[in-house]
Every structure is written in structure tokens, then in C-alpha cells.
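The values are calculated or read from the model by the stated rules, or taken from the named source; none is laboratory data. As the structure is a computational prediction, the values presented were derived from the model and not from experiment. All Cβ positions, even for glycine, are placed from backbone atoms using ideal geometry, and neighbour counts span all protein chains on display. We work out accessible area using only protein heavy atoms, side chains counted, and drop any ligands, DNA or RNA first. Shrake-Rupley method; radii C 1.70, N 1.55, O 1.52, S 1.80 Å.
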Amino acid sequence: MIKAGVIGYPVKHSKSPRIHGTWLKEYGINGSYESVEIAPDNFEATIKELITEGYKGFNVTIPHKINIMTLCDTIDETAKAIGAVNTVTVDENGKLTGYNTDSFGFIENLKEKQPAINFNNGSALLIGAGGAARACAYGLLKEGIKKLYLTNRTRQKAETIAEDLKSYGDIEIINWDNRNAFPEDLILLANTTALGMEGQPSLDIDLSNLNRNCIVYDIVYAPLITPLLAQAQDKGHPIVTGIGMLLHQARPGFQKWFGTSDMPKVSAELEEVILR
Ligand code: NAP
């Protein structure tokens, strides 16, 4: 039996066991994928236990995405650039390799839903500068976006991302108070803040001056159509919902742990099952 899982604190809310459970059935693999709650003060000892139990790897969620890096023997370039690890493999000698698949998830979902997108054709605006924003910023820069604009309530955090990722492309900060004055050549506007999520206030933004061809993407997926996406739909923008990012980021880990020849597929049916 091949074992993998997701570690976090808390972790009960995670949709990852349902995603991987669906794929394990689909492939007919004798494997398991479970949630493992690890309190921060018990972190290292519990990771060692998982290795001893024969885990092939795990996903990592809040609050362990940064402290897991100290236990990894190798960290890939993407995870280093983003500064966080969300996927870990364990080799036959118990050595850990850390990856970050959030940027892959963000970009794959975008390309799947808006296949005509041409990253070299314009600029993108990311709203937010938290952990998710870093992954999205890295992904867009690697795809060759002409220019990346960042805006965040706390400007300093956007400045830190711009500094850390400056070797990957052109980044400019827009003041939070000027967030409705959109650059003319935007091909993508993406919300990476928690605003718009159930139980959170809506993102306060007015899309009136945004060019109508600009794709509006929200990585929040509960609700699926956030107030931002509802406004974008009303104004006739192409939109991308956030659930596909969650599904796509899970694909590389599944292939690495369970040894499939290809990555599992994401489908509209899977999106529906996971949202239920
Ligand atoms: P995080 O590191 O805590 O960052 C939160 C961001 O939201 C910061 O930019 C923060 O601004 C901003 N924010 C929060 N409350 C705000 C408010 N009242 N007004 C203005 N800005 C506010 O969180 P994260 O890990 O980046 O996650 C952000 C969201 O993305 C969450 O909802 C998460 O569920 C979602 N997410 C989705 C996926 C997916 O697969 N679809 C993957 C990862 C994350 P300040 O810096 O000013 O505090």
C-alpha cells in the first residue's frame, strides 16, 4: 500500500483527501491519502514518524509551508523562488525533496479555462501579496508576462515580493488607493487575497475602467462565483474560478507519490464533486 497525505494544523477542512481519493479509485491504485494534523510544537517528531511509517510524501498546508523547508534535504527552484513548499516527496533513504505546485496550479487552470491567453501580449495585475500571491507572481513571470503589477493593502509586502522576484521579470507596485486605475494593456486581473471568501468582506474594487477583454480570475473558490467574478461577468469579462487551481496543484504530487506514467486529469465533473 502506497501512503501519502496532507499535513497541516488544522487540516480537517482540506479537500485534498477527496481529490487524491478520487484519482486513486480512477487509476485502481492500492494507495491511501490521509489528513494528518500536526501541531507546530510536535512538527519534526511527527514528520520523522511519517517517514518511518513509509510515507512516499505529503502535501503541506498552513501553518507548515515555510517551516517544512528546514527539514527538506533538497528544495527545487520554484519552491526556493516562492519561499514555501506545498509538496514533499520521501525517497527510499528517507530524504525529503520540497516542491511548490501552487504556481503550476494557478497557470494550468488559467490556460485550461482561457486557452487563447498570450502572456507576451500584455500585463497582469495581482491583488494581494500573501503566500498565494508569491506563487501566482512567479508563475506569470515564468510564462513571460510583459509586466506584472502588484497591489496590496500593506504595500511593504508587495515590495518584498517585487524585490525577491525581480530577476524573473518586470514588476511594478500600484498603491492600494489607486487600485481602480488599471493599466490599459492588462490581459489579466487576479484576486489572491482572502477577500470575497465566505465569511470575509468582498474585495472593494470597481471594474468600470478595466478593458473588457481582460480576464478576471479569483483564486478564492468558496463561493465559486465571488462578488468580484459576479461583477466581472456583469460587465462581460472572461472569468476564471479558483477551484481548478486547487485541483491542478494536486496533480504533480499524485504522479510523484503513486508512480503513474502521467499526471491525473482535471475535469468539470471532478470540480463539481470536490465543490459538493
Ligand atoms: P495570506 O498569506 O494570509 O495573504 C492574505 C492576503 O489577503 C494579503 O495580501 C492580505 O493583505 C489580504 N487581505 C486580507 N484581508 C484583507 C482586507 N480586509 N483588506 C485588504 N486585503 C486583505 O493568505 P494566502 O495563503 O495568500 O491565501 C489567500 C487566499 O487565497 C485564501 O482565501 C486562500 O483560500 C486562497 N488560495 C486559493 C488557492 C487555490 O488553489 N484556489 C491556493 C492558495 C490560496 P495584507 O498583506 O495587507 O494583510
Looking at the stretch 131-153, which of its residues are open to solvent by 10 Å² or more (accessible area, probe 1.4 Å) and within 10 Å of the ligand (Cβ to nearest atom)? 131, 132, 134, 152, 153
Restricting the first residue to the stretch 19-44 and requiring it to be over 12 Å from residue 4 (Cβ atoms), which pairs with a second residue that is among the aromatic types (Phe, Trp, Tyr) and in a helix (DSSP H, G or I) meet a Cβ separation below 9 Å and a spacing of at least six or different chains? 27/254; 27/258
Restricted to the stretch 150-187 and to residues being part of a helix (DSSP H, G or I) and in contact with a Gly (Cβ under 9 Å, 6 or more places away or on another chain), the residue farthest from residue 117 (Cα to Cα) is 157
Check the stretch 201-208 and report whether any residue there is of a type in the set (D, E, K, R), within 12 Å of the ligand (Cβ to nearest atom) and without any contact (Cβ under 8 Å) to a residue 40 or more places away in the chain. yes
Being at pLDDT 95 or above and under 15 Å from the mean Cα position of the chain (by Cα) is the requirement here; does residue 138 meet it? yes
Selection from the stretch 219-239 of residues buried (at least 24 other Cβ atoms within 10 Å of the Cβ) and in contact with a helix residue (DSSP H, G or I) (Cβ under 9 Å, 6 or more places away or on another chain) yields 219, 220, 228, 232
Given the conditions (1) touching a strand residue (DSSP E or B) at 6+ places or on another chain (Cβ under 9 Å); (2) surrounded by fewer than 13 Cβ atoms within 10 Å (Cβ to Cβ); (3) of a type in the set (S, T, N, Q), and given that residue 211 satisfies all but one, which numbered condition is not satisfied? (2)
Is one or more of the residues making up the stretch 119-130 touching a Ser or Thr at 6+ places or on another chain (Cβ under 8 Å), part of a helix (DSSP H, G or I), modelled with pLDDT of 95 or more and within 15 Å of the ligand (Cβ to nearest atom)? no
Test residue 110 against the criterion of being within 15 Å of the ligand (Cβ to nearest atom), at negative phi and not in a helix (DSSP H, G or I), and give yes or no. no
Hits in the stretch 112-127 - residues which are over 11 Å from residue 190 (Cβ atoms) and either surrounded by 15 or more Cβ atoms within 10 Å (Cβ to Cβ) or touching a residue at least 12 places away in the same chain (Cβ under 8 Å) (or both): 112, 113, 114, 117, 118, 119, 120, 121, 122, 123
Going through the stretch 54-67 one residue at a time, which ones are of a type in the set (A, V, I, L, M) and buried (at least 23 other Cβ atoms within 10 Å of the Cβ)? 60
Just to be sure I understand the filter: pairs with C-beta atoms under 8 Å, separated by 6 or more residues or on different chains, first member in the stretch 136-161 and at positive phi, second member away from the ligand (no atom under 14 Å from the Cβ). Which pairs pass? 144/119; 144/120; 144/169
Determine whether residue 246 is open to solvent by 30 Å² or more (accessible area, probe 1.4 Å) and out of contact with any Asp or Glu (no Cβ under 7 Å at 6 or more places or on another chain). yes
Could you say whether any residue in the stretch 168-191 is in contact (Cβ under 8 Å) with a residue 12 or more places away in the chain, within 11 Å of the ligand (Cβ to nearest atom) and within 16 Å of the chain's Cα centre (by Cα)? yes
Right, residue 228: of a type in the set (A, V, I, L, M), within 26 Å of residue 143 (Cα to Cα) and modelled with pLDDT of 95 or more or not? yes
